[in-house]
Amino acid sequence: MYADENVIKIKHEVLYEVAKAAFEGNLDEIRDNIPFKIIPGPTPQFRCCIYKEREIIRQRVRLAEGKPAGMVDDGNVIQVISSACEDCPISSYTVTENCQNCIGKACINACKFGAIEAGRHRSHIDATKCKECGKCAQACPYNAIAHLKRPCKFSCPVNAITYNEYGISVIDDSKCIRCGKCIHSCPFGAIGSKTYIVNVIEALLDEGKKVYAMAAPATEGQFGPNITMNSWKKAMRSLGFNDFVEVALGADMTAAYEADEWLEAYEAGEKKVTSCCPGFVNMVRKHYPELADRISTTISPMASVSRMIKAKEPDAVTVFIGPCIAKKSEVEDQKIEGNVDYVLTYSEIRAIMRAKGVELEPDDTSYQEGSVYGKRFANSGGVTAAVLQSIKEKNIDVDCKVCKANGAAECKKALLLLKAGKLPEDFIEGMACEGGCVNGPSSFNDMVSTKKFRDELLDKADDREIRANIKNYHMETFSMHRE
């Protein structure tokens, strides 16, 4: 990832200021002052002028409030901050100082669009005419034409990002799978996502509402070996949530029902794909729509816990916390009945905590609601391991073969094979992020450190079985299928 400390610091500062104002109830009054507080001037910190810096902060404030960065809302939770994107190179092909301004002009002759013209010292590419075919770079005998890889575009696994005539990145909503890779790849911090910070705070302040926090299985290990689910439970209660549930419990629920669905499909000779990763589900629906009926009908762990809570308290407000941007899409785009009301990334919940002076404190591992298999749902291959374990617990012996697609590239390859009828495995476990949710776009820590800390924490968990565990949670009161 390319996002450096300066970009991250500004993002977090905006989230904090919005959260603080929301708690104080004066966001409408001080909204316009936030850019001046963060960029006091008189000299700019990073851009050409303080006016541009403040305009970028204004757009970030809009995202923090759950609004689009600009005035037009295309419905995508991921947004381009146009004023920040303007600083990125407009043309992806540029003529370098290596150009010898040769007589042959191979670059000009190779261009079919009239985008290159001779200059006094070197050739020049007209970005408004360039089609990025690369013929000029291939033709130049001095390798003087460089291909500038705009990070957002080249981080996108589904080619959903292009540029408009002004050089501003444009996200094609029909292609975007909401994986969030572009957000943290941009060195200018020009892409962000809408947040539910204000909605969550308003719910917490409403005495008539019961609000529940739910942490993703990927959470354990993100904040070190001493920050446990008990740490989160206590912090969330201090923040004003009525209670807290670890979503590893929902992973157990999903694994049990996914196992039943896999067995049925296996006996019928049908091939299925998992439904836990919303980025993967979006990929199937948008890029391989003919395979949409292969998506498992079992709901995700997040939706499972939310339905469990709402089965007891229909008016409850449920809030999911994790490293995933696409989970916001699962709420906004997939419209699953009984799913969570709001999704927060780690940086967003930490901004809310900072605004209230609440911190995660080291604690023991006495609080556990999910099995180790449920906890490992967040790792690539974790869904497969849990489902196969759940089948094993039914004392059924089947030789199910699963393609564990780790990352968007492997997901595309597996889906192409399935589409062509050449997939050798029976099922596909799809994870849009390499390594799984533990390496999500809004992870707090790097994957290597997280793995070390996770292993330390999970080694302390008990060895409860999946099906024995979920018997304690009255699952007959709610459905585990998409409706």
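Farthest towards the positive end of the charge dipole of the range 204-477, among the residues Gly357, Val383, Tyr257, is the Cα of Gly357, using unit charges on the Cβ of Lys, Arg, Asp and Glu.
Dipole size in debye (nearest 20) for the range 35-129 around its Cα centre, Lys and Arg Cβ +1, Asp and Glu Cβ -1?
Numbers: 13 positive and 10 negative charges, 29 e Å.
Dipole about the Cα centre, nearest 20: 140 debye.
Estimated from helices alone, the mean residue ellipticity of the chain at 222 nm is -11500 deg cm²/dmol (sum of -39500 (n - 2.57) over DSSP H runs with n ≥ 4, per residue).
In percent, rounded to a whole number, the relative contact order of the range 356-483 is 31, using alpha-carbon pairs under 8 Å and six or more apart.
Paramagnetic label reach from Phe46 (point 7 Å along Cα→Cβ; backbone nitrogen cut-off under 13 Å): within the range 172-198, residues 184-192.
Residues whose amide H comes within less than 5 Å of that of Lys210, counting only those at least five positions distant or on another chain, are Val317 (H built at 1.01 Å from N in the peptide plane).
A 18 angstrom limit on the alpha carbon distance is what I want to check against. Which of Lys209/Lys327; Lys67/Lys328; Lys233/Lys471; Lys149/Lys181 exceed it?
Lys209/Lys327; Lys233/Lys471
DSSP assigns beta bridges within the range 204-477; of those with both partners inside it, close to 10 percent run antiparallel. For the pair the range 192-232 / the range 141-181, the C-alpha centres are spaced 33 Å from each other. Between Tyr342, Ser304, Ala326, the Cα set farthest toward the positive side of the dipole of the range 265-395 (charges on each charged residue's Cβ, about the Cα centre) is that of Ala326.
For the range 93-147, a crude dipole built from +1 on the beta carbon of Lys and Arg and -1 on the beta carbon of Asp and Glu, taken about the Cα centre, is about 140 debye to the nearest 20.
Under the convention that each Lys and Arg Cβ holds +1 and each Asp and Glu Cβ holds -1, the size of the dipole of the chain around its Cα centre is about 1720 debye.
Remark: the range 439-445, residue by residue, has Karplus-estimated 3J(HN,Hα) of 10, x, x, 10, 4, 7, 10 Hz, where x stands for each Gly or Pro and the curve is 6.51 cos²θ - 1.76 cosθ + 1.60 at θ = phi - 60°. Of interest is the spacing of the C-alpha centroids, which for the range 405-483 and the range 266-329 amounts to 11 Å. With Cα atoms defining each centre, the range 26-93 and the range 113-137 are spaced 32 Å apart in the structure. Of the labelled options (i) -0.31; (ii) -0.27; (iii) -0.51, which one gives log10 I(q)/I(0) by the Debye sum over Cα atoms at q = 0.06 Å⁻¹ as computed for this structure? It is the value labelled (i).
We did not get these values from a lab; they are worked out from the coordinates using the rules stated. Please read all numbers here as calculations on a predicted model, not as lab measurements. Reconstructed Cβ throughout: ideal geometry from the backbone, glycine too, with neighbour counts over all protein chains shown.
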